[in-house]
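Colleague: First the structure, which I've put down as structure tokens, then a few questions once you've had a look.
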Amino acid sequence: MLIAGSISIASYAQPATTPVQDKPKLSKEEKAKVKAKQEEEQTALLTEAGLDADQQKKVAETLAQAKDKAGVIKKNDAIAADDKTAQLKVINEEKNAKLKEIMGEEKWKHYNELKKKQKAATTTM
């Protein structure tokens with residue numbers, strides 16, 4: 001009976017090599033198209049939020065800097081998972097503070113409302 005129980009438990013275990021997420025590999029052209037579409041959507045979002053060209057440029061620079069900082073942390077295997085989470089949270093808070101400074105209170109609120117709508121629309125597809 002004990003042996004049968006251990007066999008049935010073992011059959012429910014997942015293999016150790018199960019990938020966390022299978023992402024399709026994109027070609028350089030496909031990556032460029034995706035990036036261009038994302039930039040186009042971001043520009044439209046910022047325009048709809050009422051930002052002028054100078055503000056949009058500053059926002060793009062701030063987002064790029066935050067993305068670069070986060071990428072370095074995510075790729076560093078020497079940092080423990082909890083520390084990574086904490087560092088990414090700090091980067092996100094700094095990014096949001098800077099974006100709020102660039103946009104001003106009202107445009108910041110409007111921008112976040114638009115982002116939420118955009119995210120909801122893409123997750124229902």
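Quick grid of which residues meet (1) at negative phi; (2) more than 15 Å from the chain's Cα centre (by Cα); (3) part of a helix (DSSP H, G or I):
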| site | (1), (2), (3) |
| --- | --- |
| ALA64 | yes, no, yes |
| ILE79 | yes, yes, no |
| ASP82 | yes, yes, yes |
| LYS89 | yes, no, yes |
| ASN92 | yes, no, yes |
| ASN96 | yes, no, yes |
| GLU101 | yes, yes, yes |
| GLU106 | yes, yes, yes |
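Per-residue answers, yes or no, for (1) among the hydroxyl-bearing types (Ser, Thr, Tyr); (2) within 30 Å of LEU99 (Cα to Cα); (3) modelled with pLDDT of 90 or more; (4) in contact with a helix residue (DSSP H, G or I) (Cβ under 9 Å, 6 or more places away or on another chain):
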| site | (1), (2), (3), (4) |
| --- | --- |
| ALA10 | no, no, no, no |
| VAL20 | no, no, no, no |
| VAL34 | no, yes, no, no |
| VAL59 | no, yes, yes, yes |
| GLN65 | no, yes, yes, yes |
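Colleague: Moving to a separate point now. Quickly run through the range 70-87 and pick out the residues that are of a type in the set (A, V, I, L, M) and either over 20 Å from ALA60 (Cβ atoms) or in contact (Cβ under 8 Å) with a residue 40 or more places away in the chain (or both).
Modeller: Those that are of a type in the set (A, V, I, L, M) and either over 20 Å from ALA60 (Cβ atoms) or in contact (Cβ under 8 Å) with a residue 40 or more places away in the chain (or both): ILE73, ALA78, ILE79, ALA80, ALA81, ALA86.
Colleague: From the set of residues in the range 88-114 that are without any contact (Cβ under 8 Å) to a residue 40 or more places away in the chain and touching a helix residue (DSSP H, G or I) at 6+ places or on another chain (Cβ under 6 Å), which is farthest from ALA64 (Cα to Cα)?
Modeller: Checking each candidate, the answer is TRP108.
Colleague: Within the range 60-96, how many residues are exposed (fewer than 11 other Cβ atoms within 10 Å of the Cβ) and of a type outside the set (Asp, Glu)?
Modeller: So the count comes out to 7.
Colleague: Output the number of residues of the range 27-55 satisfying the condition of being surrounded by 11 or more Cβ atoms within 10 Å (Cβ to Cβ), small (Gly, Ala, Ser) and outside any helix (DSSP H, G or I).
Modeller: Going through the range 27-55 one residue at a time, the tally reaches 2.
The values are calculated or read from the model by the stated rules, or taken from the named source; none is laboratory data. Quick caveat: nothing in here was measured; it's all calculated off a predicted structure. Here Cβ is always computed from backbone atoms with ideal geometry, including for glycine, and neighbour counts include all displayed protein chains.
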